[in-house]
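Here's the structure we're looking at; comments come further down.
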Protein chains: 2
Amino acid sequence: MTIPLRDTTTAPRRCTHDYQVSCSNCRLGTICLPLALEADAIDQLDEIIQRGRPLQKGDHLYRESDDFKSVFAVRSGSFKAYRTTDDGREQVTGFYFPGEVMGMDGIAKNSHACSAKALETAAVCEIPFNSLSDLSVKMPTLQRHFFQLMSREITEDQQLITLLSKNTAEERIAALMLSISSRNARRKLSATNFRLPMSRIDIGNYLGLTVETVSRVFSRLQKLEVLQVSNKEIEILDLKALQDVANVIIETE
Amino acid sequence: MTIPLRDTTTAPRRCTHDYQVSCSNCRLGTICLPLALEADAIDQLDEIIQRGRPLQKGDHLYRESDDFKSVFAVRSGSFKAYRTTDDGREQVTGFYFPGEVMGMDGIAKNSHACSAKALETAAVCEIPFNSLSDLSVKMPTLQRHFFQLMSREITEDQQLITLLSKNTAEERIAALMLSISSRNARRKLSATNFRLPMSRIDIGNYLGLTVETVSRVFSRLQKLEVLQVSNKEIEILDLKALQDVANVIIETE
DNA sequence: GCCGTTACTTGACCTGCATCAAGACCAACC
DNA sequence: GGTTGGTCTTGATGCAGGTCAAGTAACGGC
């Protein structure tokens, strides 16, 4: 069940989201990439985008092998995407924050390859893929836009691959903290103080570590006065030191 | 420097590649997904596709941060894609065989995120991305086709992520052997006897293992009479056992 | 053929993280 | 208040795979 995003007849020509993004004339969050869309394109997109129903913590946005119908831009809250391995375990493949787009894993087979679960109360924009395809055909800019979005997903996955295959536990955790920090900064939120929406279990799962290791690394980084950790509340005390620990350059775009 | 794939005026309406693929009316190798293209579409694609110059072992097809202009379908030979980490090490992100498409990592930033290097003498089809985009605008089927290709790349990367974060050395190697085997089968080559085009170093790098471990695992699997390994020549002696070792279902499509 | 170089294998040892185990904290609920 | 069930932390121990080292096989160049 979806309701229209807004009444387009009276709508102002600016971002209607709950957060501010750099592109001043975009209504789509980070679907908004360097390549800005013309006003005309935005109006047409508005026609097809719908506001998804609100989700509570633990609710699924979609599940593995569900029919693929739409991609989703996160409006508020956060999500984890995960796939279930053949022997029934879970592999977290990504965390999604406001302004990020999820669900593109479903295009290949017309059914979702991952499940997406809300980590807290959350809201999304639903973008029906068929409409998006049709519109892309009419609007080459949008098509390229969307290609870029998918390509970006590929490069991000490849960064995770590198992290998993080359880096130590401390480097992985530090890299994740830096990634969350920079995604916060992008949304004009604090880059140094934030609340982790996900559990230690999810962090460990995502980074290929056990909960115990995650916990130990947090303790160690706290002892070194790099981070201040109290349960889910994180404060980056020494950004430079954290970057040194990560030993990886996290893109700050 | 590229030369036209073939003289379209006299061309027969069938696959012109060095290998056979399942889709009988496609000239593009595995760009050919379940979604078959109409004859009309194929003719139009033919117009924009070019045969790339032949590559020798060690030659680069493109390098990290090269301008992104085209994607490439492998015609013969094989490639590895890799990215260089901030501290100068290499991370192999994939191997590409005939009929597979590479280079889509470049779309996001209009410059390649990976380098691609020939593992042996190789040939490719070059598909200029601008032409492809333009054509997709005219041909919705082609657009969807290409979206699927990219989405597939995402799911494959996610499988690798899972492999790296959850599986043992033996499981990883077994999974890679099964993957190569099934990709061979797809090209109507032997699924049990093949030559690995890549070095142990590359295998280790790709799977997040050291050369020594790769070597030891091969020896162990040989002792167990699962594989026959002589340098790069592999024979799968016991497919069922190999699948058990992998503990992961490898898609055979 | 010989030589130099690089790829591969095997062994001995060591370490980072997993595993096992116990306890602390926290929130929900009766 | 107490109980229950989850998440998080910390310690003790073990092992898969990394590191170091030495040797062998394969491949090119001359």
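Label-to-label distances for B:ASP43 across copies, nearest first, come out at 3.8 nm, using points 7 Å from Cα in the beta-carbon direction.
Interface residues of the stretch A:82-129, defined as those with an accessible-area decrease of at least 40 Å² between the chain by itself and the complete set of protein chains (probe 1.4 Å), are A:ARG83, A:ASP86, A:ARG89, A:GLN91, A:ILE107, A:ALA108. Beyond 20 Å in Cα-Cα separation lie the following of the pairs A:LYS69/A:LYS117; B:LYS57/B:LYS109; A:LYS109/B:LYS117; A:LYS166/A:LYS232: B:LYS57/B:LYS109; A:LYS109/B:LYS117; A:LYS166/A:LYS232.
For A:THR93, the residues whose modelled amide H falls within less than 5 Å of its own, excluding neighbours fewer than 5 places apart on the same chain, are A:ALA81, A:TYR82, A:ARG83. Extents of the stretch B:167-246, taken as max minus min of Cα coordinates on every principal axis and listed largest first, are 32, 23, 23 Å.
Solvent exposure of the stretch A:94-147, expressed per residue, is 26 Å² of accessible area, with all protein chains present and a 1.4 angstrom probe. Within 10 Å of the Cβ of each residue in B:142-153, the mean number of Cβ atoms contributed by other protein chains is 6.
Close amide H contacts of B:TYR62 (hydrogens built in the peptide plane, cut-off under 5 Å, sequence separation of 5 or more or a different chain): B:ALA116. Heavy-atom surface analysis with a 1.4 Å probe gives the stretch B:104-253 a carbon and sulfur content of 49 percent of its accessible area. In the stretch A:206-253, burial by the other protein chains removes 20 Å² or more of 1.4 Å probe accessible surface, compared with the chain on its own, from A:GLY208, A:ASN247, A:ILE249, A:GLU251. Placing a label point 7 Å from Cα along the Cα-to-Cβ direction at B:LYS109 gives distances to the equivalent points in the other copies of 3.1 nm, listed shortest first. Here is the list for the stretch B:166-240: trypsin sites (Lys or Arg not before Pro) lying in DSSP coil, each with at most 14 other C-beta atoms within 10 angstrom of its C-beta, are B:LYS188, B:LYS232.
Placing unit charges on the Cβ atoms only, positive for Lys and Arg and negative for Asp and Glu, gives the stretch A:40-112 a dipole magnitude near 320 debye about its Cα centre.
Using a 1.4 angstrom probe on protein heavy atoms only, the contact between A and B buries about 4500 square angstrom of accessible area, both sides summed. Remark: label point of A:THR141 defined 7 Å out from Cα along the Cα-Cβ vector; separations to the same position in other copies 3.0 nm, ascending.
The values are calculated or read from the model by the stated rules, or taken from the named source; none is laboratory data. What you are looking at is a predicted structure, and each value in this text was computed from that prediction instead of being measured. Virtual Cβ from ideal backbone geometry, glycine too; neighbours counted across all protein chains shown. What goes into the accessible areas is simple: the full protein's heavy atoms, side chains included, and nothing from ligands, DNA or RNA. Shrake-Rupley method; radii C 1.70, N 1.55, O 1.52, S 1.80 Å.
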